[in-house]
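Please read the structure below before turning to the comments.
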Amino acid sequence: DVAENSTRAGASLVQITVDVQPDLDRLTVIIADDGCGMTKEQVERVTDPFYTSRTTRKVGLGIPLFKMEAEMTGGGLRIDSEPGKGTTVTAEFVPSHVDFIPLGDINETVLLLITCNTDRDFVFHHRIDDREFTLDTRELRGILGEEVDLNVPDVVAWMRDFLKEQTESIKGEKI
């Protein structure tokens, strides 16, 4: 939901980082965009579930829930934003905490964001300890050419396989 906010904010580039540091008992999720950004006042209000800039509903739960989930584990949430420049949301979690809610299938989430927003670019960076990989749609477009949409079934299948293989690799699992 937080990454989807970036697309609604007019971002042409959304960067998602998932950084797992087991030795530090930390999981950091960073979502950065080059969208319209927010004023200081908007940043202060955005964690209130009864504040939203959307006109289709009177509540906005994405950021407030993200903040609550991070804080429940002993972590926290920080938002850096500047009008006209974009927004960066950083959430830190303590995975060993009893209230930690697992990420779920982050690869499918990223894949869904990419395939439903083919007019935007995404950079997904996943790191576990010192092992990492990146999927950058700008690189894919450079290889495929602009005439090939990123939601074409063969391209989607390739991205799904790439994400799976790379995730297994950085987890140290057998491919």
Requested in this report: Report the label-to-label distance for residue 118 and residue 41 in nanometres (one decimal), using points 7 Å from each Cα along the Cα→Cβ vector.
Outcome: 4.1
Query raised in the report: Residue farthest toward the positive end of the dipole of the chain, with Cβ of Lys/Arg at +1 and Asp/Glu at -1: which of 111, 22, 134?
Result: 111
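Taking 0.36 nm per intervening residue step and subtracting the Cα-Cα distance, what contour gain separates residue 72 from residue 160 on full extension? It would help to have the intermediate numbers written out before the result.
Values: separation 88, 0.36 × 88 = 31.68 nm, distance 3.16 nm.
Extending this stretch completely gives an extra 28.5 nm.
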Query raised in the report: Using a ≥ b ≥ c from the Cα gyration tensor of the chain (square roots of the eigenvalues), is it rounded, prolate or oblate, where a/c under 1.5 gives rounded and otherwise the larger of a/b and b/c decides, a/b for prolate?
Result: oblate
Report summary line: For residue 40, the aspartates and glutamates lying under 19 Å Cα to Cα, once residues fewer than eight places off in the same chain are dropped, come out as 48, 80, 82
Query raised in the report: With charges only on Cβ, +1 for K and R and -1 for D and E, what is the dipole size of the chain about its Cα centre, in debye, rounded to 20?
Result: 540
Report task. Work out how much length residue 98 to residue 168 would gain on full extension: take 0.36 nm times their residue separation and subtract the Cα-Cα distance, in nm to one decimal. Result -> 22.7 nm
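No lab work stands behind these numbers, since they all come straight from the coordinates. The structure presented is a predicted model; accordingly, all values stated were derived computationally and were not measured. Glycine also receives a Cβ, built like all others from the backbone with ideal geometry; neighbour counts cover every protein chain displayed.
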